[in-house]
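The values are calculated or read from the model by the stated rules, or taken from the named source; none is laboratory data. Computed from a predicted structure; not experimentally measured. Neighbour counts run over all protein chains shown; Cβ positions are idealised from the backbone, glycine included.
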């Protein structure tokens with residue numbers, strides 16, 4: 001999927017799905033828009049938004065966080081987007097394009113939504129590109145990270161409020177080149193996201209003067225014993241490691257890195273998905289000292305983020321994750337764009353998304369760039385123990 005295809009198993013119980021297919025978050029009973037997106041909100045009626053997230057399967061925890069982030073924004077804004085009552089129609093993306101593509105098509109063709117938000121899996125997002133372009137309906141990708149979504153396969157109707165894989169890795173490159181006193185070993189799961197995360201890091205790292213001590217890709221979804229790879233790292237003479245893993249693989253890699261004794265010898269760096277959300281809970285003390293790059297941490301010490309974290313924890317009894325914020329910000333972008341179009345969708349809404357300007361986000365102010373990607377700050381985070389709870393403390397800004 002972009003980044004979290006790496007979740008090989010659910011790390012916390014999947015949320016219940018009952019009665020959520022046509023309005024679990026519904027704040028109005030009717031409305032919608034046609035395929036040419038004239039938009040229900042334009043005539044004073046509600047605006048209907050599709051929320052395409054995993055409600056079942058191994059990615060359900062991400063779907064839960066995205067749902068909660070989107071819901072919180074609506075709750076904080078009187079249930080309205082762009083001044084119109086918002087009706088949210090949920091659809092289950094499942095685990096890939098075989099379920100996600102038809103679910104999205106139903107949101108547009110049958111449920112007659114004005115825009116669709118969500119998508120965890122990059123293959124789903126890329127598989128939907130032509131459909132949304134031909135339907136002239138905006139798709140706001142709130143997670144999937146494949147570089148091509150906002151590069152080689154950019155569309156006037158596809159926008160992203162999350163990240164591009166290569167950019168997350170690239171943000172960390174110069175910092176590691178500066179901090180590491182010697183060669184750095186690169187290791188990642190062998191699939192598209194892993195290779196994009198490494199490629200982005202390596203380019204920026206080497207441009208900053210860094211030297212690579214070795215590079216290895218482990219079989220994706222099949223590797224349980226990392227000892228042979230950890231032995232290779234130790235014998236390489238590397239002074240630091242850059243890793244991309246997520247989900248269950250991240251838990252296994254970080255725990256075994258600690259058990260093998262490498263955490264006391266060789267600094268561990270990675271993209272933020274290595275220690276994000278439920279992954280960090282499962283890693284526990286083994287993750288302490290791991291440094292990562294990401295565009296959000298619940299530990300950001302800003303008034304905006306403190307307000308957001310307090311509201312999120314009060315509403316859901318959990319700290320927010322990067323997935324929560326990406327969906328929250330998708331709602332914010334839609335809110336501003338729909339206000340410009342008075343609820344109309346289609347080409348007008350797509351054009352308005354390019355004019356929303358800065359988004360006042362818990363992650364820090366960001367805006368869409370010319371490729372429809374999020375132009376944003378990245379942070380250097382370090383796992384620390386705070387009162388017995390592991391947190392991603394923010395060390396500094398990376399970009």
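Is it true that residue 273 is farther than 20 Å from residue 385 by Cβ and within 17 Å of the chain's Cα centre (by Cα)?
yes
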message: Residue under question is residue 208, and the condition is that it be under 28 Å from the mean Cα position of the chain (by Cα), surrounded by fewer than 20 Cβ atoms within 10 Å (Cβ to Cβ) and in contact (Cβ under 8 Å) with a residue 40 or more places away in the chain; does it hold?
response: no
query: With respect to residue 90, is the statement that it is in a strand (DSSP E or B), under 18 Å from residue 59 (Cα atoms) and over 15 Å from the mean Cα position of the chain (by Cα) true?
result: yes
query: Out of segment 101-140, which residues are assigned to a helix (DSSP H, G or I) and within 18 Å of residue 81 (Cβ to Cβ)?
result: 107, 108
task: For segment 244-263, indicate whether the set of residues that are touching a residue at least 40 places away in the same chain (Cβ under 8 Å), assigned by TED's automatic domain parsing to the domain that holds residue 170, outside any helix (DSSP H, G or I) and on the phi > 0 side of the Ramachandran plot is non-empty.
output: no
- prompt: Is it true that some residue in segment 158-179 is crowded, with 17+ Cβ neighbours inside 10 Å and modelled with pLDDT under 95?
  reply: no
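Suppose we filter segment 374-390 for residues that are within 20 Å of residue 327 (Cα to Cα) and surrounded by 22 or more Cβ atoms within 10 Å (Cβ to Cβ); how many remain? Talk me through it step by step, then tell me what you get.
The initial filter retains those residues of segment 374-390 that are within 20 Å of residue 327 (Cα to Cα), namely 374-379.
Those still in the list that are surrounded by 22 or more Cβ atoms within 10 Å (Cβ to Cβ) too: 374, 376, 378-379.
Total satisfying the criteria: 4.
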query: Taking the stated definitions as given, is residue 154 in a loop (DSSP other than H, G, I, E, B) and not assigned by TED's automatic domain parsing to the domain that holds residue 68?
result: no
- request: State the number of residues belonging to segment 370-399 that are without any contact (Cβ under 8 Å) to a residue 12 or more places away in the chain and either farther than 19 Å from residue 274 by Cβ or touching a helix residue (DSSP H, G or I) at 6+ places or on another chain (Cβ under 7 Å) (or both).
  value: 4
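Name the one entry in 76, 110 that is free of Cβ contacts under 8 Å to residues at least 12 places away in the same chain and either surrounded by fewer than 20 Cβ atoms within 10 Å (Cβ to Cβ) or more than 18 Å from residue 192 (Cα to Cα) (or both).
Numbers: 76 fails: free of Cβ contacts under 8 Å to residues at least 12 places away in the same chain.
Testing whether each residue is free of Cβ contacts under 8 Å to residues at least 12 places away in the same chain and either surrounded by fewer than 20 Cβ atoms within 10 Å (Cβ to Cβ) or more than 18 Å from residue 192 (Cα to Cα) (or both) leaves just 110.
For (1) in contact with a strand residue (DSSP E or B) (Cβ under 7 Å, 6 or more places away or on another chain); (2) closer than 30 Å to residue 352 by Cβ; (3) in the same structural domain as residue 359 (by TED's automatic domain parsing); (4) assigned to a loop (DSSP other than H, G, I, E, B), each residue gets a yes or a no:
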| site | (1), (2), (3), (4) |
| --- | --- |
| 148 | no, yes, yes, no |
| 177 | no, no, no, no |
| 182 | no, no, no, yes |
| 224 | no, no, no, yes |
| 235 | no, no, no, no |
- prompt: For segment 363-384, which residues satisfy the criterion of being within 21 Å of residue 158 (Cα to Cα), within 16 Å of the chain's Cα centre (by Cα) and assigned to a loop (DSSP other than H, G, I, E, B)?
  reply: 372, 373, 376
task: Output the number of the condition that residue 293 fails; it satisfies all remaining conditions of (1) farther than 21 Å from residue 388 by Cα; (2) out of contact with any strand residue (DSSP E or B) (no Cβ under 7 Å at 6 or more places or on another chain); (3) buried (at least 20 other Cβ atoms within 10 Å of the Cβ).
output: (2)
query: With respect to the numbered conditions (1) within 17 Å of the chain's Cα centre (by Cα); (2) outside the structural domain of residue 233 (by TED's automatic domain parsing); (3) without any contact (Cβ under 8 Å) to a residue 60 or more places away in the chain, which one is the sole condition not fulfilled by residue 134?
result: (1)
- request: Could you please find all residues in segment 277-318 being at pLDDT 95 or above and assigned to a loop (DSSP other than H, G, I, E, B)?
  value: 288, 289, 290, 295, 296, 297, 298, 299, 300, 301, 302, 317
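Confirm whether residue 350 is closer than 19 Å to residue 144 by Cβ and either modelled with pLDDT under 95 or more than 18 Å from the chain's Cα centre (by Cα) (or both).
Values: closer than 19 Å to residue 144 by Cβ: yes; either modelled with pLDDT under 95 or more than 18 Å from the chain's Cα centre (by Cα) (or both): yes.
Considered against the rule, which asks whether it is closer than 19 Å to residue 144 by Cβ and either modelled with pLDDT under 95 or more than 18 Å from the chain's Cα centre (by Cα) (or both), residue 350 comes out as yes.
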